[in-house]
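Undergrad: Starting off with a structure, shown below.
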Amino acid sequence: AQKITQTQPGMFVQEKEAVTLDCTYDTSDPSYGLFWYKQPSSGEMIFLIYQGSYDQQNATEGRYSLNFQKARKSANLVISASQLGDSAMYFCAMREGGSGGSNYKLTFGKGTLLTVNP
Amino acid sequence: EAGVTQFPSHSVIEKGQTVTLRCDPISGHDNLYWYRRVMGKEIKFLLHFVKESKQDESGMPNNRFLAERTGGTYSTLKVQPAELEDSGVYFCASSQDAGQYNSPLHFGNGTRLTVT
């Protein structure tokens, strides 16, 4: 079964508007971390934001926020006031706490290609 | 601080040839990971080093792939002989602490491998 599901292969948004990128996850581990990475056309993978399974508040980092709904197992990324430079592939990923040292793997979704239109 | 660096950025080889990819992690990061993204698919875990030791190589596709990390610094990933299905982007990542699930991995720019 897919551990990370990103249902939107592509998304379009107008500059200065907000956009939500969906991510659902599947785990039976009570301890886990959720990450979002951005991959622009230049290829690097840029860490954006993190949400822990025990965090009470939704994570925020500048224009990025994470809409964390634990019961629904979703961790959607919200980008406010989109900019042209936000055009990129966005990956949702999970790291499970596990036991016996299994918590080092990041499991990725397939990604969402975001295009910001002027 | 310098980030994770990978070399080469692109490589085009013929089927049956050998290619060696190199990764220099962030200084002081004991944990080094290799991932691969085949076109249109998820980024998949290949293996994990802690210093010079292989902690987990369960994601290595077959014995044509050999990863090393001599001295616990940089790492190489050799593909020999390369097959068409090995084409993709190979990412290296490092982290200071593998024991915390809230610790992000820092990725390099990747090596785009094309096997013709």
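Undergrad: Which FRET efficiency value, to the nearest 0.05, is calculated for A:GLN56 and A:GLN83 with the Förster distance at 35 angstrom and r the Cβ-Cβ distance? Provide the component values of the computation, followed by the final result.
TA: On the way: r = 30 Å, r/R0 = 0.85.
FRET efficiency, A:GLN56 to A:GLN83: 0.70.
Undergrad: Same structure again: Compute the signed sum of charges (Lys and Arg +1, Asp and Glu -1) over the other residues within less than 12 Å, Cβ to Cβ, of A:MET11.
TA: Neighbour charge sum, excluding A:MET11 itself: -3.
Undergrad: Where does each of A:ILE49, B:ILE43, B:ILE13 land when they are ranked from fewest to most other beta-carbon atoms within 10 angstrom?
TA: Fewest to most other Cβ atoms nearby, the residues stand as B:ILE13, A:ILE49, B:ILE43.
Undergrad: Here's something else I'd like to know. Give the longest segment of chain B that steers clear of trypsin sites (Lys or Arg not before Pro) in DSSP loops with at most 15 neighbouring Cβ atoms within 10 Å, not counting the sites themselves. Don't skip to the answer; put the middle values down first.
TA: On the way: sites that count: B:LYS15, B:LYS41, B:LYS51, B:ARG64.
The reported range is B:65-116.
Undergrad: Ignore the peptide's own chain and count Cβ atoms of other chains within 10 Å of each Cβ in A:106-116; give me the average, rounded. Working shown, then result.
TA: On the way: counts 10, 4, 7, 2, 5, 5, 0, 0, 0, 0, 0.
Partner-chain Cβ atoms within 10 Å, mean over residues of A:106-116: 3.
Undergrad: Compute log10 of I(q)/I(0) for chain A with the Debye formula, placing one identical point scatterer on every Cα and leaving out solvent, at q = 0.13, 0.15 Å⁻¹, to two decimals.
TA: Each listed q maps to, in turn, -0.47, -0.62.
Undergrad: Rounded to whole Å and sorted largest first, what semi-axes of the equivalent ellipsoid does the C-alpha gyration tensor of the protein assembly as shown yield via the square root of 5 times each eigenvalue?
TA: Value: 29, 21, 16 Å, ordered largest first.
Undergrad: For the cross-link pairs A:LYS3/A:LYS70; B:LYS54/B:LYS78; A:LYS105/B:LYS78; A:LYS73/B:LYS41, which exceed 19 Å when the distance is taken from alpha carbon to alpha carbon? Before the final figure, lay out each step's value.
TA: Values: A:LYS3/A:LYS70 15 Å; B:LYS54/B:LYS78 15 Å; A:LYS105/B:LYS78 21 Å; A:LYS73/B:LYS41 22 Å.
As for pairs spanning more than 19 Å Cα to Cα, those are A:LYS105/B:LYS78; A:LYS73/B:LYS41.
Undergrad: If Rh is defined by the Kirkwood formula over all Cα pairs and Rg also comes from Cα, what ratio Rg/Rh do you get for chain B? If you can, show how the numbers build up before the last one.
TA: On the way: Rg = 13.4 Å, Rh = 14.1 Å.
Ratio of gyration radius to Kirkwood radius: 0.95.
Undergrad: Here's something else I'd like to know. Kindly put A:PHE68, B:PHE7, B:PHE91 in sequence by how many other C-beta atoms sit within 10 Å of each C-beta, fewest to most. Numbers along the way, then the final one.
TA: Values: A:PHE68 20, B:PHE7 15, B:PHE91 26.
Fewest-to-most ranking of A:PHE68, B:PHE7, B:PHE91: B:PHE7, A:PHE68, B:PHE91.
Undergrad: Please report the net charge: other residues with Cβ closer than 10 Å to the Cβ of B:TYR35, K and R +1, D and E -1.
TA: Details: positive: A:LYS105, B:ARG36, B:ARG37, B:LYS44; negative: B:GLU42.
Spelling it out: positives minus negatives among the neighbours equals +3.
Undergrad: Normalised by the residues of chain A, what does the relative contact order come to in percent, with Cα pairs under 8 Å and at least six apart?
TA: Result for chain A is 37 percent.
Quick note: the coordinates plus some simple rules give every number you see, no bench work behind them. The structure presented is a predicted model; accordingly, all values stated were derived computationally and were not measured. Here the Cβ is made from the backbone with ideal geometry for all residues, glycine too, and neighbour counts use every protein chain on show.
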